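Asks: Here's a structure for you.
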Amino acid sequence: MGKTSDVNNELIKKYKIDNTILESYFKDARNNPVKDAIFPLRIDNRQYCSPTDYQGDKPSCCGYSSAQILESLNWMESGKIIQFDADQIYAKAKETDNNLSSAGTYPDLAMTKGLDLVPNGNNKYKVMSSKSTNINDLKRILHKNMFACVNMKVTNDIYDLNTRNFIYNGDGKVAGGHSMVCCGYDDESKMLIMQNHWGKIWALKGFFLCPYDVWKRQTSITCWYERKS
């Protein structure tokens, strides 16, 4: 298990839940309620994400995505800030994926191993996965569970994102598969809000935008933690 940090005002402010946020997104630009809305027009859960970490050149992106989601969910449920070891999650997944000779592992396996680090985690959550490329399915996951581990092919242009250029267009040569956290979307711009653990100086402090059509074209599998009833 990770180390529990002292709660300070900055972190409390960062993780604080405002129950009016989702409700407000059912209103249009003139603040009128949107009738028959299936999902909010926008969800932005960046303020609930644990701080962006730095993966470096390690192939443990699934571990970092799993750790980030677990840190955020654990805080919202218990009020305790615990840092989970992303590399430990990845290592535990590699021990059981029967493919020790190659880099990377299965995202749903990494997320399952992550639950072993959460107090009573396996009794609280279950790992779900989907290969759907329907944007409404992803919205449904975010609306109910706040975060999703998105696994997709990425192209070389993702390395060029910065504070002025933070929209990933997926136009370059395929660089490989990568696991990231989806924490929101915006129907007006048709963009997903993503967190990537390449450090706080990459893109918008680790966050970037991914157009719906790029996600649909390049996604392979989406995984998430769902609360057991």
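Values in this text are rule-based calculations from the coordinates and carry no lab data. Every value quoted in this text rests on a predicted model; they were computed, and no experiment measured them. Virtual Cβ from ideal backbone geometry, glycine too; neighbours counted across all protein chains shown.
Asks: Between rounded, prolate and oblate, where does the stretch 170-229 land on the alpha carbon gyration tensor, with a ≥ b ≥ c its root eigenvalues, rounded for a/c under 1.5, else prolate if a/b exceeds b/c?
Replies: Judged from the Cα gyration tensor, the stretch 170-229 comes out rounded (a/c under 1.5).
Asks: Going down the list LYS58/LYS216; LYS94/LYS216; LYS80/LYS126; LYS80/LYS190; LYS139/LYS205; LYS58/LYS131, which pairs span over 30 Å between their C-alpha atoms?
Replies: Beyond 30 Å between Cα atoms: LYS80/LYS190.
Asks: Counting other Cβ atoms within 10 Å of each Cβ, which chymotrypsin sites (Phe, Trp or Tyr not before Pro) in the stretch 105-208 have at most 16 and sit in a DSSP loop?
Replies: PHE166
Asks: Quick check on the stretch 85-200: take the gyration tensor over C-alpha atoms, sort the square-rooted eigenvalues as a ≥ b ≥ c, and tell me if it's rounded (a/c under 1.5), prolate or oblate.
Replies: Cα axes put the stretch 85-200 in the oblate bin.
Asks: Still on this structure, please answer the following. Name the long-range amide H neighbours of ILE221: under 5 Å, sequence gap of 5 or more, or other chain; modelled H, no Pro or chain starts.
Replies: Here ASN151 satisfy the definition.
Asks: Another question, then. Using DSSP to define loop residues, name the trypsin sites (Lys or Arg not before Pro) in the stretch 48-119 whose beta-carbon has at most 15 other beta-carbon atoms within 10 Å.
Replies: When the trypsin sites (Lys or Arg not before Pro) of the stretch 48-119 are filtered for loop state and at most 15 Cβ neighbours within 10 Å, LYS80 remain.
Asks: Given the C-alpha centroids of the stretch 99-177 and the stretch 60-96, what is the distance between them in whole angstrom?
Replies: 13
Asks: So for the pair LYS126, GLU226, with labels modelled 7 Å out along Cα→Cβ, what separation do we get in nm?
Replies: 0.7
Asks: Specify whether the C-alpha gyration tensor of the stretch 40-106 places it in the rounded, prolate or oblate class, a ≥ b ≥ c being the square roots of the eigenvalues: rounded for a/c under 1.5, otherwise prolate if a/b is larger than b/c and oblate if not.
Replies: prolate
Asks: Computed FRET efficiency, Cβ-Cβ of ASP44 and ASN98, R0 41 Å: what is it to the nearest 0.05?
Replies: Between ASP44 and ASN98 the formula returns 0.60.
Asks: Kindly state, to the nearest 0.05, the FRET efficiency for ARG164 paired with ARG30, given R0 = 25 Å and r defined as their beta-carbon distance.
Replies: Computed FRET efficiency for ARG164 and ARG30: 0.20.
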